Every structure is written in structure tokens, then in C-alpha cells.
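The values are calculated or read from the model by the stated rules, or taken from the named source; none is laboratory data. All of these numbers come straight from a predicted model, not from anything done at the bench. Heads up: the accessible areas ignore ligands, DNA and RNA and are worked out on the full protein's heavy atoms, side chains in. Shrake-Rupley method; radii C 1.70, N 1.55, O 1.52, S 1.80 Å.
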Amino acid sequence: MEQTDNFAYLLPFIFLVFGTIFLIADRWSDGSARYWGLGYVLSSVGFAFPIIGFALPFSVQAVIANALFFSAFLLYGQALLVRFKRPHLLLYRLSFALVAFVVVCWFILGDENLRSQLAIGDSSLAILLAISIAAVWRFSRSLIDRMLVVMASLVVIETVVRVTVLLASTSADNFESLDQFLSSDYAFLMQITASIVGFIMALTVLGSVASDIIMGHRDAAERDPLTGLLNRRGFEQALPTAKSGAFPAGAVIIGDIDHFKQVNDRFGHAAGDHVIIGFAQILSANLKSAAIARFGGEEFVAFLPGASLAEAAQKAEQARLGFEAMDWHAHGVDGLITASFGVSMTAPGDHFVRDAIVRADACLYSAKNSGRNRVVSEGQRPPEGPPPLRIVS
Ligand code: GH3
Ligand code: MG
Ligand code: MG
């Protein structure tokens, strides 16, 4: 009996520590840590309830503890769905939890049937978690994702086994058999197993929260905060050479907004920022499979792996037309804003994509000098294009 008492304090304490860590980590996480944290804190209070609420009648204790565990499992499911960016299924999960909770309450207060209450309560919690696992398992990509799904599944399996053993070892019309079972070493062993599974689950969640935070920081270091596109460092990381060491074949496009300084001067820096964001959006929309980076103020570089010069030039032309057609009135800019592009190919003599970028830059220079608002490809004479379009007359 003594070991059970020590255990009764240890489990809520461990869950509380994990819950607190997750709630603190939420400041730097994508939102799932908050739900894990709240879930673990509620479970901790649920486990501690026989101690906290000892003065209350047993039935009231049971109702409150069940309410806490149902809420905790709703939150665990929510954490999984948030982390895997799946629909939250809140209405379904909430309705199921409410119906199951009412049934459990009926067995506590009306029927006073502890056996049914335990079996229905625990299996409903398993179903609640299983709904979320079913919605996310196909979307697990990384090792930590898979571990999270496996551990959550283990919690479900462990609960199902526990309920099955409870039902098999006790009899519906013999209350003493339940008492004997609950105070048996076997039941205690099962409680230990459940706690160990819960503990390993918490460690896995900790791993997933930590990995999310690290990945988030790494992502932030490689992205331009204004446009969300890569920065120079992220661009170099994203190139195939960074991983395989092999020289990648493909095309490079450099795009630069025309007379951008005048946009800033006439309409203000904030309006200028919106124009840069708009240019980044046009590039993303037109260069889907490319690695696109903001290299400087209003200059963007894209690498299109495997693309030919003609394909890249065509995409650059689409982006040019798309940008020219944009309406900036919502940002207080009246007038046309255009961009110029230089396009090049990687060549066998190149040492790095940087060499192709230098050639694309020369093409961009040529596009600017020949009137702007045009695409110039490597080896091509600047076309006799339309007269330069200016926002400032
Ligand atoms: P060109 O047609 O030859 O490209 O002329 P330009 O005026 O576009 O080129 P220039 O390089 O002279 O000007 C770029 C300007 O971009 C200068 C700088 O103040 C502005 N700039 C750089 N970064 C930002 C930014 O983050 N936001 C805003 N609003 N402006 C920026
Ligand atoms: Mg410019
Ligand atoms: Mg520039």
C-alpha cells in the first residue's frame, strides 16, 4: 500500500513539471506546446485529485477527475492536429467527449457502477486520441513526427489493453471482484505501465517541441523577414550543391525593381515595403519550383534546377508582366511599377551557381541600360522593347 501512496504523489508531480515546461516553451513554439502543456497540467490535477479532493464524496471526486482527463485528452488531440497542421475536428471531438462524459457520469452518479465507469471512461479517452492520430499519421515526415505518432498510438493501445484486462478479470455482477482486482499487484503493475507510457510520451513531446523551436530558429536565420523568402544564406543552403557537392544544372533569374528609389521618395518607405512584398509574391507565384532569395533591397535571385534558358526566360517574362499589371492604390501608390530581369544558365566551366549569377547580373545590367522593364537572357542582345515606363513623369 505504501508504494501506491508514494506513486500517487510522484505521477502528478512529473506531469505537472512536463506541463509547465511545455507552457513555457510555447513562447517559442508554433502553438502545439500550449495544448500539450495544458493537457499535461490537467492530467496532473486529475491524477492528484484523490489527494486534493479527499474531503469530497467519492462520486464528486470521480466526476471532476473524469472531466479533467476528458479535457486533457481533447487537448492532446488538439496538440497533434495543430502540430501536423490538420483540421482541428473540434466539433466532432467535443461532441464525442461530451456524450462519453455524460455516460460516464451516469455510471458514477446513477448506476454507481465503477467497473463500467472505468471501462467506458478509459476507452473514450483512447478513442479521443485515436481520432487525432487517424487524422495526422499520414502526414508524419520527420523521425520525431513518427515517434510522436507511434507514442500516441502506444498510449491508445495501452489503454485498450488495460480496459480489456479489467473487463476480463472482473465480473459485472460481483462488486467484490472489482475491489480485489483494483487492489491487486497486477492492477498496480498496469498503473506503473500506464505511467511509464505517459512519461515516454512526455519525453517524445518534449523532443518534438524542442525540434520545432530549433527548426524555427534555423528557418528564421535563413529567411528574409519582410518577404518570407530565403535570404542569401538560406539560398546557398537550399542549392543542391550544399547537400550533394555535385554541381547543379539549371537557370538563374535576377529580378530588380525599376526606379525603386523613386517609389520610396514619392510614396514613403512603408509603401516601398509593400511593393517589395508584392514583387516577392509575383516571383513566388511564377517560379514555383525555384529557390528564390532576396539578395538586397529590391533585388531577387532565383535558381531553377533543371530549367533551360528559354524556359527560365519565359517565366521571367510572365513575372515581369504580372508585376507590371499590379495595382498599388491600396498602398497609396498611384502609377505603374516595373522590374527588369537577367537570365543565365549554369555552364560546365562554372565553379558554383555564383558564376551563373554573375552572368545573370550582367544581363540585368544590360536590361536596365536598354530601357528597363524587360527580360534579357544570356547571349541575347537586349531587345528593342517598349519605351521605359516610369512612375515619376
Ligand atoms: P534601378 O532601376 O536602376 O534599379 O534603380 P533603383 O532606384 O531601383 O535602384 P537603387 O539600387 O538605386 O535603389 C534601391 C533602393 O531600395 C535604395 C534603398 O533605399 C531602397 N531599399 C533597400 N531596402 C529597402 C527596404 O527594405 N524597404 C524599402 N522601402 N526600401 C529599400
Ligand atoms: Mg532597382
Ligand atoms: Mg537594386
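From the helices alone, meaning DSSP H stretches of at least four residues, give me the mean residue ellipticity at 222 nm for the chain, per-run term -39500 (n - 2.57), in deg cm²/dmol to the nearest 500.
Counting only the DSSP helices, I get -22000 deg cm²/dmol.
Taking a ≥ b ≥ c as the square roots of the eigenvalues of the Cα gyration tensor of region 45-98, is the shape rounded (a/c under 1.5), prolate (a/b larger than b/c) or oblate?
oblate
Express the Stokes-Einstein translational diffusion coefficient of region 245-332 in µm² s⁻¹, to the nearest whole number, given a Kirkwood radius over alpha-carbon pairs, 4 °C and a viscosity of 1.567 mPa s.
Numbers: Rh = 13.8 Å.
Translational D for this selection: 94 µm²/s.
Hey, how many Å between the Cα centroid of region 154-207 and the Cα centroid of region 58-101?
Going from one Cα centre to the other spans 20 Å.
How many lysine pairs does the chain hold where the Cα atoms are under 25 Å apart and the two sit 8 or more places apart or on different chains?
Step by step, the pairs that qualify in the chain add up to 5.
What is the antiparallel percent of DSSP beta bridges lying wholly in region 255-393, to the nearest 5?
75 percent
Give me the accessible area per residue for the chain, probe 1.4 Å, as a whole number in Å².
On the way: 19760 Å² over 393 residues.
Accessible surface, normalised per residue, equals 50 Å².
Can you send over the carbon and sulfur percentage of the accessible area for region 200-317, probe radius 1.4 Å, protein chains only?
Exposed carbon and sulfur together represent 57 percent of the surface.
Over 10 Å intervals from 0, what percent of Cα-Cα pairs in region 1-114 sits in each interval?
Percent of Cα pairs in each bin: 14, 36, 34, 15, 2.
Calculate, in nm to one decimal, what ALA362 and ARG141 gain on full extension: separation in residues at 0.36 nm each, minus their alpha carbon distance.
Details: separation 221, 0.36 × 221 = 79.56 nm, distance 4.11 nm.
Full extension of this stretch gives 75.4 nm more.
Taking a quarter of the surface of the Cα convex hull of the chain, what do you get in nm²?
About 25.4 nm², averaged over all directions.
Would you mind telling me the share, in percent, of accessible area of region 10-96 contributed by carbon and sulfur at probe 1.4 angstrom?
77 percent
If you take the square roots of the eigenvalues of the alpha-carbon gyration tensor of region 187-280 and sort them as a ≥ b ≥ c, do you get rounded (a/c under 1.5), prolate (a/b over b/c) or oblate?
Oblate.
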